[in-house]
Amino acid sequence: MRATGPQGPVAVGGVKSQSILAALLLEANRVVPMQRLIAAAWDDDPPAGAQTQVRNRISALRRAFRDVEAATEVIVTSGSGYALRTPEQRFDLGTFEAELARARFLRSAGDAPRAREALADALGLWRGSTLDGLTAPLMVEAAERIDQRRMGAVEVRIELDLELGRAAELVPELTELTVENPYREGLHALLMLALHRAGRQAEAMAVFRRIRRELVDQLGVEPGPELQRLHRALLDGGPVTLSKAAPSRPAMAVEPARTVVPRELPAAVPGFAGRHAALHLLRQRLPQPSAPTTLTVITGIAGIGKTALAVKWAHEMATAFPDGHVYLDLRGDSLNRPMDSGEALGRLLRSLGVSAEAIPVDVAEAANRFRSVVSGRRVLLLLDNAVSEDQVRPLLPGNSGSVVLVTSRSQLTGLVTREGAAAIPLHGLTGGEAQEVLTHLVGAQRVHAEAHAAGEFAKLCGGVPLAIRSASATLIRHHDLTIASQVEVMRVAAEREPFDAVTGSSLA
């Protein structure tokens, strides 16, 4: 494990820190629970303060990455876990998978030379054993899975080399690979084919005899159908080619989407109040199963409650979407780099059961695949914190009876004019609604006892739910503090700095 920045190596700590970083990278852009991070570092024998040690190591990693790229937080907290946010081209495994997808696309398009080049680029990322030095079983298992993907890519690259007429120069490499992997039948099949095409028939037959002897003596099994078919073709003197159904292409296989019903909605915000008109409009937007996809855009300033409204309605109507609920934070706020459409499509397809290796790298192709997967399914898709129309458009299903909710600080008028989206602009809560939120936070007794001060409190917060919750923090911590005294503090703060400085930099 190592990290490199513009100025050279980045200190990522010792083996435990490297294991935690590796666990985050293996699930890049997804939340990794605390227990999995502990298992990555200590397996089933963690110390008493393992959670604290993980948090300390995460803090050290954050500082190291912040020194390199101060503009964004690479490791973010989510619930009791953490997620490492980074584009796939920023870490080797992500680049490897992207190059495999590019090779798959190029090969399907008949461009063998460029497909071979993409695979060579992917394999060129290796500089030794995968996750070398990380010995927890979780890391060892992950390394074995990655190595299997690597060997599958090696086999496909060799197949392409054979297609390009390079049989003779492949023989030394394949000979070495079969020694290192004595039971991997796909490599032996490729060696037999390379020897045959290089005019070395007797040696090709000897490869079969050798692998058969190894399999029978050591494992008690005969060679598989592909090796036996190649052997018969050599004996018969007929065409000697790889079968189209050869089992030696795990890195290029396109899996059908598994039947996965995602349930990804965040928890509803406690103490939700008001928004009756908006909820009524959303309920009217529920389509019939055979109707086109329904698109609704909820807009407003930071903290106004866009996500809270969307999640509230989504939970209310969850049973209307038997094929799942998918949530995706597009990171269109000021604290994070917005998610590009390619990454977003990858996340959506994985949520719907498509394996990572089957996801096209081309955005247009991935969008087509997404529409195919969603077709005939009734799915609720919540796209939170969108930054632009162009970010959202590739993520829209076709005519499937699904519903897409988009939240954004921008108006996204293009989605309204071109895609027929309904726009729901959110403004501040009314005085009564704001007091409902305050009542939930600090209790009805305190609000009723200081009804006038509670009204002033709500006015100073501008009816912004997040501002109400932020300003209530002191009242929640100090039960003997009066609402009136907190109002005075807020008045002084409002005179010193603009209102949005009072609300802080929390997300909408």
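The values are calculated or read from the model by the stated rules, or taken from the named source; none is laboratory data. Just so it is clear, the model here is predicted, and its values are computed rather than measured. In this analysis, Cβ positions are derived from the backbone assuming ideal geometry, glycine residues included, and neighbour counts consider all displayed protein chains.
So which residues in the range 400-418 are at negative phi, surrounded by 17 or more Cβ atoms within 10 Å (Cβ to Cβ) and not hydrophobic (A, V, I, L, M, F, W, C), if there are any at all?
Once the filter is applied, which keeps residues that are at negative phi, surrounded by 17 or more Cβ atoms within 10 Å (Cβ to Cβ) and not hydrophobic (A, V, I, L, M, F, W, C), the range 400-418 yields 400, 402, 407, 408, 409.
Does residue 174 meet the test of being closer than 19 Å to residue 112 by Cβ, under 36 Å from the mean Cα position of the chain (by Cα) and in the same structural domain as residue 149 (by TED's automatic domain parsing)?
Numbers: closer than 19 Å to residue 112 by Cβ: yes; under 36 Å from the mean Cα position of the chain (by Cα): yes; in the same structural domain as residue 149 (by TED's automatic domain parsing): yes.
Spelling it out, residue 174 is indeed closer than 19 Å to residue 112 by Cβ, under 36 Å from the mean Cα position of the chain (by Cα) and in the same structural domain as residue 149 (by TED's automatic domain parsing).
For the range 376-399, which positions are crowded, with 21+ Cβ neighbours inside 10 Å and of a type in the set (S, T, N, Q)?
Answer for the range 376-399, where residues must be crowded, with 21+ Cβ neighbours inside 10 Å and of a type in the set (S, T, N, Q): 385, 391.
Looking only at the range 43-60, count how many residues are over 25 Å from the mean Cα position of the chain (by Cα), closer than 19 Å to residue 133 by Cα and either not assigned by TED's automatic domain parsing to the domain that holds residue 19 or not acidic (Asp, Glu) (or both).
The total comes to 1.
List pairs: first residue in the range 223-244 and farther than 11 Å from residue 196 by Cβ, second residue among the basic types (Lys, Arg) anywhere in the structure, Cβ distance under 7 angstrom, at least six positions apart or on different chains.
As it stands, the answer is 223/212; 243/229, since those pairs meet every condition given.
Name the single residue that is modelled with the lowest pLDDT among those in the range 258-278 being surrounded by fewer than 16 Cβ atoms within 10 Å (Cβ to Cβ) and hydrophobic (A, V, I, L, M, F, W, C).
Ranking the qualifying residues of the range 258-278, first place goes to 260.
Given the conditions (1) touching a helix residue (DSSP H, G or I) at 6+ places or on another chain (Cβ under 9 Å); (2) surrounded by 13 or more Cβ atoms within 10 Å (Cβ to Cβ), report the number of the one that residue 132 does not fulfil.
The single condition residue 132 does not satisfy is (2).
Residue 10 fails exactly one of the following numbered conditions: (1) of a type in the set (A, V, I, L, M); (2) modelled with pLDDT of 90 or more; (3) in contact with an Asp or Glu (Cβ under 9 Å, 6 or more places away or on another chain). What is the number of that condition?
(2)
Could you tell me whether any residue of the range 346-353 is under 20 Å from residue 269 (Cβ atoms) and either assigned by TED's automatic domain parsing to the domain that holds residue 369 or in contact with a His (Cβ under 9 Å, 6 or more places away or on another chain) (or both)?
Within the range 346-353, the first condition is being under 20 Å from residue 269 (Cβ atoms), and the residues that meet it are none.
No: the range 346-353 contains no residue that is under 20 Å from residue 269 (Cβ atoms) and either assigned by TED's automatic domain parsing to the domain that holds residue 369 or in contact with a His (Cβ under 9 Å, 6 or more places away or on another chain) (or both).
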